[in-house]
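Beneath this line is the structure, given in structure tokens, with notes to follow.
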Amino acid sequence: MKLTIVAATGGIGRHLLDQALAAGHDVTVVVRNPRALPAEVRVVVADLAAADPAALEPAVAGADAVLSGLGPRSRGDAGIASRGTRAVVQAMQATGVRRVVVVSAAPVSTVASPGRPHPPRHDPGEGPVMRLLATPLVRAALRDVYVDLALMEDVLRDSGLDWTVVRPPRLTDRPQTGRYRTAAGRNLRRGVLVSRADVAHLMLATLDRPETIGQAIGIAN
Ligand SMILES: NC(=O)c1ccc[n+]([C@@H]2O[C@H](COP(=O)([O-])OP(=O)(O)OC[C@H]3O[C@@H](n4cnc5c(N)ncnc54)[C@H](OP(=O)(O)O)[C@@H]3O)[C@@H](O)[C@H]2O)c1
């Protein structure tokens with residue numbers, strides 16, 4: 001397949017790139033800092049904090065799918081997920097590319113946004129400890145990051161594209177296993193960790209699973 005990987009220098013993004021190349025895909029990457037990238041990938045350099053969608057059109061034109069590991073490097077970067085994803089979506093709409101898979105986060109399932117003003121109060125995957133203690137603490141600490149990711153999910157829902165959102169819990173750098181649990185539209189019971197490598201594995205696997213279109217998928221090891 002012809003794939004465009006956005007933010008291929010990040011933790012998940014680098015796994016997406018390595019796994020896509022290992023599977024024989026033809027890859028274009030969109031990065032703001034083109035360092036240490038394999039020679040065989042086409043590189044489009046763009047700072048997605050202020051990206052002109054027209055400048056991204058050559059990066060996505062002709063792609064079978066766009067995969068994105070875009071997210072804030074620090075709390076101060078909150079806003080980048082929705083802003084950058086909006087620019088990528090506009091470039092896809094302009095070039096007729098339909099399939100897009102992006103990373104969000106597990107706590108976003110219960111975060112209200114303009115496009116989803118009444119999310120469930122509790123995620124069905126949460127047990128009592130998560131519901132009463134862990135989720136409220138994490139959500140309070142990272143509120144601006146999750147609001148940005150919820151807005152990013154709105155951008156996709158409004159896009160008319162064939163989108164899938166993957167919502168991982170806390171990410172680790174453990175090796176790829178391919179053994180992880182998933183659930184459509186909710187998080188996983190006792191699902192507190194997942195490796196970046198397995199998130200990338202699921203994102204690539206969704207490309208062969210049309211039933212994941214229009215879904216937010218929970219994942220956990
Ligand atoms: N950390 C967790 O436990 C956790 C849990 C659930 C969900 N998440 C979500 O998952 C996302 C991905 O995780 P990760 O560990 O792979 O993140 P990461 O290593 O921080 O990667 C973020 C990627 O976004 C790129 N980026 C950031 N700002 C950009 C900009 N202005 N223009 C272009 N590219 C930009 C970075 O590029 P550079 O390499 O140039 O900086 C990098 O490639 C997180 O951002 C978060 O939203 C995280």
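If you check Ala184 against the conditions, is it within 11 Å of Val165 (Cα to Cα), more than 16 Å from the ligand (Cβ to nearest atom), free of Cβ contacts under 8 Å to residues at least 60 places away in the same chain and open to solvent by 10 Å² or more (accessible area, probe 1.4 Å)?
Yes.
Ala65 passes all but one of (1) touching a Lys or Arg at 6+ places or on another chain (Cβ under 7 Å); (2) within 7 Å of the ligand (Cβ to nearest atom); which number fails?
Failing condition for Ala65: (2).
Just to verify a result, which residue in region 50-73, among those that are out of contact with any helix residue (DSSP H, G or I) (no Cβ under 6 Å at 6 or more places or on another chain) and open to solvent by less than 70 Å² (accessible area, probe 1.4 Å), is nearest to Val165 (Cα to Cα)? Spell out the reasoning first.
First, the residues of region 50-73 that are out of contact with any helix residue (DSSP H, G or I) (no Cβ under 6 Å at 6 or more places or on another chain): 50, 52, 54-55, 58-59, 62-64, 68, 73.
Within this subset, residues satisfying the condition of being open to solvent by less than 70 Å² (accessible area, probe 1.4 Å) are 54-55, 59, 62-63, 68.
Details: Ala54: 24, Ala55: 24, Ala59: 21, Gly62: 22, Ala63: 18, Ser68: 10 Å.
In this case the residue turns out to be Ser68.
List every residue pair whose Cβ atoms sit under 7 Å apart, with the two residues 6 or more apart in sequence or on different chains, where the first one lies in region 136-147 and is within 12 Å of the ligand (Cβ to nearest atom) and the second, anywhere, is not in a helix (DSSP H, G or I).
Pairs that qualify, where the first residue is within 12 Å of the ligand (Cβ to nearest atom) and the partner is not in a helix (DSSP H, G or I), are Asp144/Ala78; Val145/Pro72; Val145/Ala78; Tyr146/Ala105; Tyr146/Val111; Val147/Val111.
Output the number of residues of region 40-56 satisfying the condition of being within 12 Å of the ligand (Cβ to nearest atom), part of a loop (DSSP other than H, G, I, E, B) and at pLDDT below 95.
Total meeting the criteria: 1.
Can you name every residue in region 104-156 that is under 30 Å from Ala87 (Cβ atoms) and open to solvent by 80 Å² or more (accessible area, probe 1.4 Å)?
Those that are under 30 Å from Ala87 (Cβ atoms) and open to solvent by 80 Å² or more (accessible area, probe 1.4 Å): Pro114, His118, Arg143.
Here are some conditions: (1) in contact with a strand residue (DSSP E or B) (Cβ under 8 Å, 6 or more places away or on another chain); (2) open to solvent by 70 Å² or more (accessible area, probe 1.4 Å); (3) among the hydrophobic types (A, V, I, L, M, F, W, C). Val31 meets all but one. Which one does it not meet?
(2)
Only one of (1) in contact (Cβ under 8 Å) with a residue 40 or more places away in the chain; (2) in a loop (DSSP other than H, G, I, E, B); (3) within 13 Å of the ligand (Cβ to nearest atom); (4) among the small types (Gly, Ala, Ser) fails for Gly13. Which number is that?
Checking Gly13 against (1) in contact (Cβ under 8 Å) with a residue 40 or more places away in the chain; (2) in a loop (DSSP other than H, G, I, E, B); (3) within 13 Å of the ligand (Cβ to nearest atom); (4) among the small types (Gly, Ala, Ser), the one that fails is (2).
The values are calculated or read from the model by the stated rules, or taken from the named source; none is laboratory data. Given the structure is predicted, the values throughout are model-derived calculations rather than measurements. Neighbour counts run over all protein chains shown; Cβ positions are idealised from the backbone, glycine included. For the accessible areas, the whole protein counts, side chains as well, though only heavy atoms, and no ligand, DNA or RNA atoms are used. Shrake-Rupley method; radii C 1.70, N 1.55, O 1.52, S 1.80 Å.
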